[in-house]
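Reviewing the structure listed below.
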Amino acid sequence: MNLDSSLVISILVVAALLVAVLAIVLVRASGDKNKKVSAPVAQPKVSQAPAQATERPEVVPQAAPSQVTESEIPGTVESKQVPVDVPESMEGRKLKLRDRLGRSQGSLGQVFRQTFSGSTISDDAWQDLEDTLIMADLGVSAATGIVETLKEAVKKSGASTADALHEIAKTELIKLVDGGFDRTVHTDRHPDRPAVVLTVGVNGTGKTTTTGKLARMLSAQDKDVLLGAADTFRAAAAEQLTTWGDRVGVPVVRGAEGSDPASVAFESVAAGQEQEVDVVLIDTAGRLHTKQGLMDELGKVYRVAGKLGAVDEVLLVIDATTGQNGLTQAKVFSEVVPVTGVVLSKLDGTAKGGIIVAIQDALGVPVKLVGLGEGPDDLAPFDATDFVAGLLA
Amino acid sequence: MFASLSDRLSATFKQLRGKGRLTESDIDETVREIRIALLDADVALPVVREFCARIKERALGSEVSAALNPAQQIIKIVNEELIGILGGETRRLKLAKNPPTVILLAGLQGAGKTTLAGKLAAHLRTQGHQPMLVAADLQRPNAVDQLKIVGEQSNTVVFAPEPGNGVGDPVQVTRDAMKFAKDKLHDVVIVDTAGRLSIDSELMDQLAKVKAEAKPDETLLVIDAMTGQDAVNTAETFARDIGIDAVVLTKLDGDARGGAALSVATITGKPIMFASTGEKLTDFEVFHPDRMASRILDMGDLLTLIEQAEQTLDKDQTEKFAKKVKDGEDFTLTDFMLQMQQIRKMGSMTKMLGMLPGMAEMKKQIENVDEREIDRVEAIISSMTPAEREDPKLLNGSRRARIAKGSGMQVSDVNTLMDRFVVAQKMMKQMAKGGSVPGMPPMPGMPGMRPQQKKVQKPGKGAKKSGNPAKRAAQDSGIEYEAPSATLTEIPSAFRDFLK
């Protein structure tokens, strides 16, 4: 116990007192409340049992992965090698990124054009720009910061033509979004083992879809890929990944629903090693970063997946529609597992995903990939220049 | 839920409190703070503008300047406006006069429609309905399978004639489903549709067709509580092109500030009907705008807390314990241990304490608590003999050394625990002596406790919290005294009413 212990105990005491108070309250209230409460409470019995079945075990079974019996993991599902259509090239993907961004995010570009249309910039125009950045989910402080930076740069440059101002602003924005990060997704096979990639994130951001698309992108680069369906919690998540695997012609390792995700992760890496594949992509269950038990589980998946070597990439999938909470998510996830990159998903909508600027800034974790839709090829490498070019198009 | 927003607002209001009169610049300052707080909470900019303009207008009006305590008045205004935006009255599901009642779920990808469909079905079953789920999400790989599993878990019939994965026509499925439901006498039909982007006109057309076919009594827009500024676009398009009757907010168990709720409610003018707060089928509740507004204003959410306690606490134990307190018996370590176990059953400490009024300020500290520390405290208590637990006075040096050894802790840890515990015991006694809990004046203040809390924290301040410890402690104490200020009377009185 460290110095915090007294704080912990204080809080416990408060909590205990709270329960005490509640107890008294309940007992007092039970007199008249009992009659009302007991009736509806009795009814739900029917649904109670199945509900409990779905309850996610907070405490992860401690079974060491090596002890996992064969029955738990039905083994590798070697997918039928149906000839699949050829995945799109990297160049094509980049073009698509530019195209999509230009289409969906015109408003920022418009404001930029408006702001920088004259030789001077009015305060109102700056305010409009700041508002637009805020509406792109950059957050108040980031937006203010950017506007200040741009103001400064414009002042320094002494530029007076609209084109020059536009250019300066663009350069500044690119600099800001780029940040000089290394954005390679490390998927090269090591001499003795496959590269291991883990996708993590909160519920519904598109982890499974991203994993499937990534598998397709990698196999387009002539890599042998193996998928691990370590989302053993959500109904039909493993099937969803298997469907992706079949589409791309990639084998999937899966466990029974409700089995230990860490053991599935381990089996996936082991199978990858045995079959000498280049990359093992492991899809994990969505979890809210506020659920300690589930975050612990994720930590375990990470540790166990790294037992036969190491995990090369931990990709955090962030939904472009996410607002300022994205930063909290990124912070908490990177406390539990060393996040090496961010995937910005669902950028094909009207959402602008500005939160990634704050995430990159705060955590130094670069955005590596961008998801652009539900199509199998709708995943592109992130490129700051393209991104900003798209914004300003 | 909205804790972070309430943090900010209460910080703003703290500056206001104590001022006898508000100048216009004070009001501007407050409104600016509210603006930033709302923006940081992901409330959409147009909504924030409108909201702030209304607050300012009312704040400048006579109701504030004439009020005894203008700061209080602003809090009241913000509260009222928040409740207004969040949907006014709590709204229930409208059931059709001629069954089946049809409920259509729509929203973006990953908002949580399929999961919600299961929860809704389970909820309706507990009310004696015979719901049926319709798998009209034929887009996402294995969405149909997921719905089937969800249906199994909730014991509900799932109408899924098409395999999905891009095969089948959702409009046709819906048409057949309606016939099927009438034949089999299901009184509620829940249609789960594919997630779609508001700019995808093809899919939006399809949804409109599904709606025309289903003729739903309730079209629910499912929105992720973590959504940012884009919530406006989504809400606008769905409301305009499809037409919605109410909103469901999902993933409220996260710590997102949930500004999307405000945005969507403002833009659509439709109430938020349900809140989805977890992954279990039962993590589903009716949305209470008034409670949510109280929460935003750092007035806590005692009603929810009490409801939760009612569901989870062991009745026998609580009764025994309550009697004990009433009889003025000592609060022992055995009781303490039981309490802790009960608390754990109720979920995370953070979540629970967050619901207490005035606690938002402390939230950061509470969040820093490693739940494993609780294990350690339990270990210490478990290492005591039953006699020691009943009578802490027994604990001399050698006993303490033994306990430290037994629990793998230091003697100093045991000492800290015992010190705090003695304080707690005294507080318990006071509470009992007060005759009754209502005797604790404004309950949320828990006056006995908070100052203690502060005192207690001081020794622990040391190394780990960076910065200036003295300053921090001073700040904390300032906060602790201020937060439960008697001004926030609404919820306390609700609580007291509940006690009577």
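Throughout, read-outs are computed from the coordinates displayed, never taken from laboratory work. Computed from a prediction, not measured in an experiment: that's the story for all the values here. All Cβ positions, glycine included, derive from the backbone under ideal geometry; neighbour counts span all protein chains shown.
Taking amide H as placed 1.01 Å from N in the peptide plane, B:Thr250 has its amide H under 5 Å from the amide H of B:Ile223, B:Asp224, B:Ala225, B:Ser276, each at least 5 places away in sequence or on another chain.
Highest average first, the peptides B:412-420, A:213-221 ordered by how many other beta carbon atoms sit within 10 Å of their residues are A:213-221, B:412-420. Restricting the calculation to Cα atoms, the stretch A:211-253 shows an Rg/Rh of 0.98 when the hydrodynamic-style radius is the Kirkwood one.
What is the distance in Å between the Cα centroid of the stretch B:177-221 and that of the stretch A:218-245? So the two Cα centres are separated by 30 Å. Whole-Hz Karplus values for the stretch B:414-426 come out as 4, 4, 4, 4, 5, 4, 4, 5, 4, 4, 4, 4, 4 Hz, taken residue by residue from phi with 6.51 cos²θ - 1.76 cosθ + 1.60 and θ = phi - 60°; glycine and proline positions read x.
When the pairs A:Lys175/A:Lys223; B:Lys179/B:Lys209; B:Lys324/B:Lys405 are compared against a 28 Å limit on Cα-Cα distance, A:Lys175/A:Lys223; B:Lys324/B:Lys405 fall above it.
The calculated Kirkwood hydrodynamic radius for the stretch A:183-382 is 16.3 Å, given to one decimal from all distinct C-alpha pairs. Amide H to amide H distances under 5 Å link B:Thr101 with B:Ala96, B:Val188, B:Val189, where only residues 5 or more positions off or on other chains count and H is placed in the peptide plane. Legend: mean number of C-beta atoms from other chains within 10 angstrom of residue C-beta atoms, peptide B:191-198, equals 2. Distance cut-off 28 Å, Cα to Cα: go down the list B:Lys184/B:Lys251; A:Lys156/A:Lys331; A:Lys151/A:Lys331; B:Lys94/B:Lys182; A:Lys346/B:Lys280 and report the pairs above it. Result: B:Lys184/B:Lys251; A:Lys156/A:Lys331; A:Lys151/A:Lys331 exceed 28 Å. Report note on the peptides A:318-329, B:264-275, B:102-113: ranked by the mean count of other C-beta atoms within 10 Å, highest first, their order is A:318-329, B:102-113, B:264-275.
Restricting the stretch B:115-215 to trypsin sites (Lys or Arg not before Pro) that sit in a DSSP loop and have at most 13 other Cβ atoms within 10 Å of their own Cβ leaves B:Lys184. Close amide H contacts of B:Thr219 (hydrogens built in the peptide plane, cut-off under 5 Å, sequence separation of 5 or more or a different chain): B:Leu104, B:Asp245, B:Ala246. Note that the stretch A:148-242 shows a convex hull volume over its alpha carbon atoms of 174 Å³ per residue. The mean number of Cβ atoms from other chains found within 10 Å of a Cβ in peptide A:313-322 is 4, as a whole number. Per residue of A:245-258, other chain Cβ atoms within 10 Å of the residue Cβ number 0 on average. Put in order of Cβ neighbour count within 10 Å, fewest first, the listed residues A:Trp126, A:Trp244 become A:Trp126, A:Trp244. Each residue of the stretch B:77-226 gets 128 Å³ once the volume of the Cα convex hull is shared out per residue.
Rounded to two decimals, the Cα-based Rg/Rh of the stretch A:239-344, with Kirkwood Rh, is 0.97.
Volume per residue of the convex hull around the Cα atoms, evaluated for the stretch B:121-210, comes out as 91 Å³.
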